[in-house]
Amino acid sequence: MSWPSFWLKRDDWRSRVLSPLGWLTCHTAQRRLQHFRNAFIPDFPTAGVVVVGNITVGGSGKTPVLLALSRLLTEQGIAHGIVSRGYGGRAAQYPLHVTADTDPALAGDEPVLLAQATGVPVVVDPRRDRAVWTLLEANPQVRIVLSDDGLQHYRLPRDYEIAVVDARVGLGNGACLPAGPLREPVNRLQQVDAVLVQGEAAFSGVQAQPFTLEPVAFRSLEDGHCVPLDNFSGQSAAALAGIGQPERFFDTLRRLGVQLARTEPLPDHAPAEAIRAALASHDGPWLMTAKDAVKCPKPLANVWALEVEARLADAFRTAFLQRIDQLLEEKYEPTPAGNSGLPAHQDEAGV
């Protein structure tokens, strides 16, 4: 979602008016976090859980970071899977196993993108703890589970937390919803295991690691072939983006030399109907994000998705793999196929 302008201002009357509600959001988040930390919640005996999320609303680059971590685990030969809330999906029943061919209207756009890009097991459920149990029962070989978002899903036991921040907007005015963009107080960044910042920014008491989002190629939605980044340099094209910060995508295209004749900023997780309406309004060529592309029917002539990759700092990669090695030693090996060795999980409602 795009932030209202007053979320970026330290002293704005609208933030002051909403500050009591912001205080309530922060206080409630702190109380819930403390409650679940004090409660006995058994972890997952055969697999470690890594949560990749943020403390702000809107896009921060967490999905490309999660994809980079998945590639890193694959390079190390570590069996892993992914769980997600499935925001924007409308499945009739959860948990939902997601494949590359699952309808994004059921699972949400990001889980389908993750399934297509990684090829690892993906399970969607608003109850992420239940999603992990389901994934491990179906895939007992999995040793690490990556959670797409979920920092505030305190019911989910986790072994490693990563908070992702977009330096372009940072933490805004530092206030909690609705007075500002924060889901949790700023000091939550001091409690996670790693803070990854897209760009350059410093936060008090936090040792942040930088990362960059690098364009890789344009992929055709007609036949899947890729062309170099300079393919549209100097050419006129239309662009759409249904992500948290659509202007960041448009600025990337401009840096690649694209002359944008039209831009269509759509809401984050925009439905397929909104994308189809935008495509029908202009002849193209059309350029879009990979997340938007999963909702487009194939084939589509003269429509291209920009593929990007998160480039992680070497220091973070080293520290992350060291922690993963520790987790693999701490967790016991799954039992042979046919018996996951996992206790039956509970299905009571939770937050």
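Computed from the coordinates by the stated procedures, all read-outs in this text should not be read as laboratory data. These numbers come from a predicted model, not from an experiment. With ideal geometry, Cβ positions are generated from the backbone for all residues, glycine too; neighbour counts draw on all protein chains shown.
Brief remarks follow.
- Placing +1 on the Cβ of every Lys and Arg and -1 on the Cβ of every Asp and Glu, with no other charges, gives region 150-301 a dipole of roughly 220 debye about its Cα centre.
- Dividing the radius of gyration of the alpha carbons in the chain by their Kirkwood radius gives 0.96 for Rg/Rh.
- Cysteines in the chain lacking a second Cys C-beta under 4.7 Å: 226, 296
- Label reach from residue 326 (point 7 Å along Cα→C-beta): in region 172-216, amide nitrogens under 19 Å belong to 189-196, 206-209.
- Residue among 302, 277, 97 farthest towards the positive dipole end of the chain, charges placed on Cβ: 277
- Taking the chain as the region of interest, the number of lysine pairs whose Cα atoms are within less than 27 Å, with members eight or more places apart or on different chains, is 5.
- Rounded to the nearest 20 debye, the dipole magnitude of region 70-131 is 220 debye, with +1 charges on Lys and Arg beta carbons, -1 on Asp and Glu beta carbons, and the Cα centre as origin.
- Selection from 54, 293, 13 lying farthest towards where the dipole of the chain points positive, charges on Cβ: 13
- Gain on full extension, evaluated as 0.36 nm per residue between residue 9 and residue 251 minus their Cα-Cα distance, stands at 84.9 nm.
- Size of charge dipole - region 214-309 - debye, nearest 20, with Cβ of Lys, Arg +1 and Asp, Glu -1, no other charges: 120 debye
- Residue-span extension gain [residue 2 to residue 41] - 0.36 nm each, minus C-alpha spacing: 10.5 nm
- Counting other Cβ atoms within 10 Å as a rough exposure proxy, the listed residues 176, 226, 26, 296 run 226, 296, 26, 176 from fewest neighbours to most.
- A simple spin-label model places pseudo-atoms 7 Å from Cα toward Cβ; at residue 92 and residue 76 they are separated by 4.1 nm.
- Longest site-free stretch - the chain; sites: GluC sites (Glu not before Pro), DSSP loop, at most 15 other Cβ within 10 Å: 1-199
- Normalised by the number of residues in region 214-309, the mean separation of alpha-carbon contacts (under 8 Å, six or more apart) gives a relative contact order of 40 percent.
- Note on region 214-309: Cα convex hull, mean projected area over all directions, 5.2 nm².
- Cβ-to-Cβ counts within 10 Å put 133, 13 in ascending order as 13, 133, the fewest first.
- Spin-label model, residue 191 to residue 214: label points 7 Å out along the Cα-to-beta-carbon direction sit 3.5 nm apart.
- Neighbourhood charge, 15 Å Cβ-Cβ cut-off, centred on residue 27 and excluding it, Lys, Arg +1 and Asp, Glu -1: +3
- For the chain: relative contact order, % (alpha-carbon pairs under 8 angstrom, 6 or more apart): 22 percent
- Were the residues from residue 23 through residue 101 laid out at 0.36 nm apart, the gain over their Cα-Cα distance would be 23.8 nm.
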